[in-house]
Amino acid sequence: MAMAAASALAVGAAVVVANSASAAESTLGAAAAQSGRYFGAAITVGKLNDNTYTTILNREFNSVTAENEMKINATEPNQNQFNFTNGDRIVNWGLSRGWKVRGHTLAWHSQQPAWMERMEGSALRSAMLNHVTRVASYYRGKIHSWDVVNEAFADGNSGGRRDSNLQRTGNDWIEAAFRAARAADPEAKLCYNDYNTDNWTWAKTQAVYRMVQDFKQRGVPIDCVGFQSHFNSGSPYNSNYRTTLSSFAALGVDVQITELDIEGSGATQANTYRNVVNDCLAVARCNGITVWGVRDCDSWRSGGTPLLFECNGNKKQAYNSTLEALNSATPQPTTPGPTTPGPTTPGPTTPPPTTPPPTTPPPGGSGCSATVSLNQWNGGFVASVRVTAGSSAINSWAVTMNIPSGASVTNTWNAQASGSTGSVRFANVSYNGRVNAGQTTEFGFQGTGSGSGMSPTCTAG
Ligand code: 9MR
């Protein structure tokens, strides 16, 4: 009798669950996906053969960031000699599972290879842009969001930039890096990423805010801001975090929590994780959260036990509060999917119009046209060239540019250059020769000297 009552109750409960709008998900990634967000972890190749680690990683997350493997010292150990072996392992680990991959990081004062640490001035500026271009081009199409520039602002109350060899190449180094990244991988979201920018009242937060505002006003290509969010007693979580996220989002950028860890334990730590997740969920443009490691013992600050899993793989209280908060998100409004095909039986046939509807020819006649935009500094430049097809599709193109005397092309992306001085011809590469009528494709090149006065001529094939 008691048994019957219990199972009747169980049946009743099951019905309630089945009827609820969205059933609770049991992993972080799936719970975040309910509201269209990702939940990622920083990972390292050295642990990809640790079974406890990979079991949690593959079960819980749907995004990854390389903890160190895609930094400048890892990808360009010697100048112009690139090594993507370890970066590839991480990128492929994520892509092969359908996850989003964050790229970290293209330009940073820290973890520079020795050859770059020794450089300065225009040589360093060129080397930095070359690095951004080559790495972003290599991973083109694979990276969801790039931390293009990392940690460029000073701590404390100065509200200024951090001094570094990169900063000393000129205040415009950050925007130059963003422009080069956009030209190299037009699909990736380009982020500025920093720490101690979580508290809305801090001078550093305000300084980054002003830079992003300025970039948006001047059309510098920036799409997102990463908040590292390493919380501890020196940089504690503050309830104005939500204001920080929403204020940046209001500038027209996405915001992402990129390196989350919260020192502490038990209910206090769990509560802070819950607050952070709720703050992200409250901001429509907060599109993902990444924790900086998998288990406490994988953390760069393992002594502070700042993550969601114990070393033995057990879930912590902070895991439960994080999952619960993610599950409380309002499900993403369903975007209309592909239109459902109509009935298979033909309806009454309407005869097709005998004359084709008029098409508006795209401007520019047949063939192609090209425009160039320049990002210059003392001693060098990056040129972004936009090729537009005329009224018919083209299958190949070539742009000829008059490189000013004294200037020279040092590096080209998304095109094949013949020559480096005088009249230089840039031909399409295999993947961008075909351009539909009125559509555009972009290529770019870097040069030394001044690029002023170049005028492109486009010929279509
Ligand atoms: O977690 C990274 C650690 O393994 C490295 O030794 C350290 C070296 O700088 O970088 C750590 O990651 C940092 C990240 O790249 C940028 N934000 C701060 C992170 C923690 O220091």
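The values are calculated or read from the model by the stated rules, or taken from the named source; none is laboratory data. Since we're looking at a predicted model, the values are computed, not measured. Every residue, glycine among them, receives a Cβ derived from its backbone with ideal geometry; neighbour counts consider all protein chains shown. Accessible surface is based on the protein model in full, side chains and every heavy atom, while ligands, DNA and RNA are left aside. Shrake-Rupley method; radii C 1.70, N 1.55, O 1.52, S 1.80 Å.
Values for this structure:
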quantity	calculated
Segment 237-316: relative contact order as a whole-number percent, Cα under 8 Å and 6+ apart	31
Between segment 272-305 and segment 195-258, the Cα center-to-center distance that results, in Å	16
Segment 25-31 - phi-based ³J(HN,Hα) in whole Hz, Karplus 6.51/-1.76/1.60, Gly and Pro as x	8, 10, 10, 4, x, 5, 5
Accessible area per residue, Å², segment 36-138 with all protein chains present, probe 1.4 Å	37
The chain, relative contact order [Cα under 8 Å, separation at least 6], %	12
Size of charge dipole - the chain - debye, nearest 20, with Cβ of Lys, Arg +1 and Asp, Glu -1, no other charges	760
Cut-off under 5 Å, modelled amide H: who pairs with residue 290 long-range	40, 257, 258, 259, 260
Charged-residue dipole, Cβ positions (Lys, Arg, Asp, Glu), segment 122-216 about Cα centre, Debye nearest 20	280
Neighbour count of at most 15 Cβ within 10 Å plus DSSP loop: longest GluC sites (Glu not before Pro)-free window in the chain	311-461
Relative contact order (percent, whole number), segment 102-194, Cα cutoff 8 Å, 6+ residue spacing	41
Restricting segment 234-340 to trypsin sites (Lys or Arg not before Pro) in coil, as DSSP defines it, with at most 10 other Cβ within 10 Å	none
Distance from segment 125-167 to segment 389-417 (C-alpha centre basis), Å	26
Computed [θ] at 222 nm, helices only, for the chain once each DSSP H run of length n ≥ 4 contributes -39500 (n - 2.57)	-9000 deg cm²/dmol
Calculated P(r) tail over 42 Å for the chain, as whole % of Cα pairs	27
